[in-house]
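Undergrad: The following block contains the structure, expressed as structure tokens.
The values are calculated or read from the model by the stated rules, or taken from the named source; none is laboratory data. These numbers were taken from a predicted model, which means no experiment stands behind them. Every residue, glycine among them, receives a Cβ derived from its backbone with ideal geometry; neighbour counts consider all protein chains shown. The area values use the complete protein model at the heavy-atom level, side chains included, leaving out ligands, DNA and RNA. Shrake-Rupley method; radii C 1.70, N 1.55, O 1.52, S 1.80 Å.
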Amino acid sequence: MKKGYVFAWIVLVAANGQISAEPSTQVAWTPETLRFVKNGDAERGKELAQACEACHAATPENAESEFPYLQGQSATYLYKQLHDYKSGSRSNEIMVGISAGLSDQDMADVSAWYSRQPLPPAKKADEVPDTIRKLVDRGDGTRIVAPCAVCHGSAGQGQTMDTPVLAAQKAAYLEQTMLAYKSEARRNDIYRRMRLIVQQLNDEEIRQLARYYAGLER
Amino acid sequence: MHIHPLERRWIYVVLAVIGIFLLAIFYTAIARNIHPPSHIETIDSASLHLSEEFAEDKLGVWTQPDGTIKVTLVAARYGFYPREIQLPAGTQVTFRIASADVLHGIHIPMTNMGTMVVPGYVSEITTTFPKPGEYPMLCNEYCGLGHDHMWSKVTVVAKESWPAAPNAQPVRR
Ligand SMILES: [Cu+2]
């Protein structure tokens, strides 16, 4: 009898959405956190980054791999991703393991170094369709999709805090990232902002947007 | 630099008008203690998603035990979250809104629902929607390049087709 009550309670509570889900990230951009990341030691970060370079270096050997370029990415974005891997807000077999061994200071230092490196050379895309340019510059009001450029910049240069640089990133990585947001495999965007946008796009639009941004140089 | 006397006269008039407006604002604020209604409850905008009330899974429409409705919303560049909500007509609705970044405004045209959303403060506004229909919910304070794309959808349904709330638990819809 009692068991039945407990079960009914669980069902009720679950149906009412009372079981609190984890927040999408544990990182909050308070002035202290911003200052901490800004003061990352790039010299020390350079040494730590030697281990990252095997996969993330902007070399021809790495061009076809699935691993993203980190050079020229914003420090706050990189810091947040490392932090999210460690806290379990973002999943990836390799990165969760690596981030587990990093302290907050290590994360800030590595991020500082990568953010000071020049962007890798862009892979110029042949013409992207006009509909894609329109999504980038004007968005689509019928789907409540804001233009990509209002947050990621007209040259894909990103914005403070957690809006990443997209210019010159690998097209394959950008596509895979958008698809991960679309399927909710990736969930570390605060208030689902990126998921809500990407879920309005079809897979062909996602592929073309990825090509477009991979071809931008800053 | 030469300024035409007539133009100069009008510049003085305009400056005087601006001066009167500023005086009126400072007078009401300082002498009469009248401030924007949202300047009461404070909250940390940077860690909004880690707060109790504005956590991601706490946003949305809640039926209170007394049958009134509470809506918890976050305004962030560039949208109101959740992006689409449904409300019953002819029922008292209390919105509680916080900004995750900069100053926003919130406004539902054709209704009297409108307030500023100041970062660091919780805005609260209570209203009743008399007519069912689909309404946009717009940002009316310039907040950045995507400001004109900042809107969400509000569907007001007839009270009869709104499911009755179970007794005690606030129900999330
Ligand atoms: Cu706004």
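Undergrad: Go through segment B:76-119 and give me each residue that's open to solvent by less than 20 Å² (accessible area, probe 1.4 Å) and of a type in the set (G, A, S). Show your work before the answer.
TA: As a first pass, look at segment B:76-119 and keep what is open to solvent by less than 20 Å² (accessible area, probe 1.4 Å): B:76, B:78-81, B:85, B:87-89, B:91, B:93, B:95, B:97-99, B:104-106, B:108, B:113, B:117.
Within segment B:76-119, B:A76, B:G79, B:A89, B:A98, B:S99, B:G105 qualify.
Undergrad: Then there is this: Kindly provide the set of residues from segment B:96-108 that are more than 10 Å from chain A (Cβ to nearest Cβ) and within 16 Å of the ligand (Cβ to nearest atom), ordered by number.
TA: Taking segment B:96-108 first, the residues more than 10 Å from chain A (Cβ to nearest Cβ) are B:96-99, B:102-108.
B:I97, B:A98, B:S99, B:V102, B:L103, B:H104, B:G105, B:I106, B:H107, B:I108 - these are the residues of segment B:96-108 that are more than 10 Å from chain A (Cβ to nearest Cβ) and within 16 Å of the ligand (Cβ to nearest atom).
Undergrad: State whether the residues of segment A:84-107 include one that is crowded, with 20+ Cβ neighbours inside 10 Å, of a type in the set (V, I, T) and either assigned by TED's automatic domain parsing to the domain that holds A:Q176 or at pLDDT 90 or above (or both).
TA: no
Undergrad: Looking for something touching a residue at least 24 places away in the same chain (Cβ under 8 Å) and either open to solvent by less than 80 Å² (accessible area, probe 1.4 Å) or assigned by TED's automatic domain parsing to the domain that holds B:K131 (or both) - is there at least one such residue anywhere in segment B:18-36?
TA: yes
Undergrad: From the list A:E47, A:E66, which residue is open to solvent by 50 Å² or more (accessible area, probe 1.4 Å) and outside any helix (DSSP H, G or I)? Show your work before the answer.
TA: Numbers: A:E47 fails: outside any helix (DSSP H, G or I).
Result: A:E66 is the single residue among A:E47, A:E66 that is open to solvent by 50 Å² or more (accessible area, probe 1.4 Å) and outside any helix (DSSP H, G or I).
Undergrad: Then there is this: Looking only at residues in segment B:135-162 that are more than 13 Å from chain A (Cβ to nearest Cβ) and touching a Lys or Arg at 6+ places or on another chain (Cβ under 8 Å), which one is surrounded by the fewest Cβ atoms within 10 Å (Cβ to Cβ)?
TA: Start the filter on segment B:135-162 by keeping residues that are more than 13 Å from chain A (Cβ to nearest Cβ), which leaves B:135, B:140-141, B:155-162.
Keeping just the survivors that are touching a Lys or Arg at 6+ places or on another chain (Cβ under 8 Å) gives B:135, B:156.
Details: B:Y135: 19, B:V156: 23.
Here the residue is B:Y135.
Undergrad: Hey, could you check segment B:80-95 for residues that are in contact with a helix residue (DSSP H, G or I) (Cβ under 7 Å, 6 or more places away or on another chain) and within 14 Å of chain A (Cβ to nearest Cβ) and say which is nearest to A:V145 (Cα to Cα)? It would help to see each step written out before you state the result.
TA: Within segment B:80-95, the first condition is being in contact with a helix residue (DSSP H, G or I) (Cβ under 7 Å, 6 or more places away or on another chain), and the residues that meet it are B:81, B:83, B:88-91.
When the remaining residues are screened for being within 14 Å of chain A (Cβ to nearest Cβ), the result is B:81, B:83.
Numbers: B:Y81: 14, B:R83: 11 Å.
The residue in question is B:R83.
Undergrad: Here's something else I'd like to know. Got a sec? Which helices (runs of 4 or more DSSP H) wholly within segment A:123-218 have at least 1 residues that are buried (at least 18 other Cβ atoms within 10 Å of the Cβ), more than 10 Å from chain B (Cβ to nearest Cβ) and of a type in the set (S, T, N, Q)? Quick ask: steps written out before the conclusion?
TA: Numbers: elements: A:130-137, A:149-152, A:171-182, A:193-198, A:203-214.
It comes to A:171-182, A:203-214.
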